1. Count neighbours as other Cβ atoms within 10 Å of each site's Cβ, and list the trypsin sites (Lys or Arg not before Pro) in the stretch 1-95 that are DSSP loop with at most 12 such neighbours.
2. Give the aspartates and glutamates whose C-alpha is closer than 14 Å to that of Lys53, dropping any in the same chain fewer than 8 places away, or say none.
3. Show me, bin by bin at 5 Å from 0, the whole-percent P(r) of the chain based on Cα pairs.
4. Which of rounded, prolate, oblate describes the stretch 56-108, given a ≥ b ≥ c as roots of the alpha-carbon gyration tensor eigenvalues and a/c under 1.5 marking rounded, otherwise prolate only if a/b is larger than b/c?
5. Please work out whether the stretch 16-79 counts as rounded, prolate or oblate from its C-alpha gyration tensor, where a ≥ b ≥ c are the square roots of the eigenvalues and a/c under 1.5 means rounded, while otherwise a/b larger than b/c means prolate and anything else oblate?
6. Could you please report the charge total around Gly39, scoring K, R as +1 and D, E as -1 over all other residues with beta-carbon less than 9 angstrom from its beta-carbon?
7. Mind listing the phi-derived Karplus ³J(HN,Hα) values for the stretch 198-208, rounded to whole Hz, using 6.51, -1.76 and 1.60 with θ = phi - 60°, and x for any glycine or proline?
8. Test of understanding: ordering Val8, Val164, Val173, Val218 by Cβ neighbours within 10 Å, fewest first, what list do you get?
Amino acid sequence: MLLHVPSVLDADALRRIGERLAAAEGDWVDGRATAGHQGAAVKHNQQIAERSKTSIELSDAVLSVLERNPLFISGALPNRVYPPLFNRYTGGMQFGGHVDGAVRIMPSGSGQKIRTDLSATLFLSPPEAYDGGALLIEDTYGVHSVKLPAGDLIVYPATSVHRVEPVTRGTRVGCFFWIQSLVRDDGRRTVLFDLDRAIQRLNATGGDEAARVQLTGVYHNLLRMWTDT
Ligand code: NI
C-alpha cells in the first residue's frame, strides 16, 4: 500500500526546518554515507551528517510530529521508527533503482536493530522549486510517480524497487526514514487500515453503537493476532 499523509508539517515547521538546513552548510555530506553496497553504486545526492546536531534536532522535531499524526499511526502501525535523515538533490543528482536494506542498526549506539518494513519520504521543497526529482516506486500495479507538496509524506513498502529521478533544475530537499511496523505483512496492515477508516467513518456519522463496538473489537483482535514485536 502507498500511503499519502498530507500536511505532516505546516508552513511554520517547514520554514524553521528549511532555515536550519540552509544554515548547516558544513553538515551536508555525500549521501553514500548511509548507503549499503547496492545503494552506494547508484546514489548521487547529499545528506545531513547523521550524528550532527542539526540532524538530531530536526529528526526529533519530525518524530514528535509523526507521533501525533493519526493517519500515519493508523496506516503504518509503527513499532520502531528510524530517526529521520535529510537529503537534497541538485544539479542533476539522482538515486537509481534500488531496494532499501532490510535491517539497519539504530544510530542510538544501543546496537538495537530495526527491520525496515516501510520506507518513507517527507517532501520539504515545494514541487515548483525543482524539475525532475519524482520518487518512482514500483509495485505489482506498475510504477507510481510521487512528487508531493512540501510537508506531505509518502509511506511505501520497503520491499519495492524505487528511485529518484534526476533533478534538472532547482533543489529538492527531503526527509527520509524507515519504519518497523507492528504488523509486518503489507496485506494485513492494509486490511487493518481499511477497517480502521471504516470504523472512524461510522463513529463520525453515528452508526449503530453495538455494531461499532463489535467492529472495534474485531480490529483489536486482528491486531492482537497479527502483531509481531
Ligand atoms: Ni531507498
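1. Arg51, Arg68
2. Glu25, Asp27
3. Result, from short to long distances: 1, 6, 13, 18, 19, 17, 11, 7, 4, 2, 1, 0 percent.
4. Values: a/c = 1.73, a/b = 1.52, b/c = 1.14.
Cα axes put the stretch 56-108 in the prolate bin.
5. Working: a/c = 2.74, a/b = 1.31, b/c = 2.09.
It comes out oblate by the Cα gyration axes.
6. +1
7. Using θ = phi - 60°, the values come out as 5, 5, 4, 5, 5, 4, 5, 9, x, x, 3 Hz.
8. In increasing order of surrounding Cβ atoms, one gets Val218, Val8, Val173, Val164.
None of the figures in this text is laboratory data; all of them are computed from the coordinates on show. As the structure is a prediction and not an experimental result, all values here were calculated from the model. Cβ: placed from backbone, ideal geometry, glycine included. Neighbour counts: every protein chain shown.
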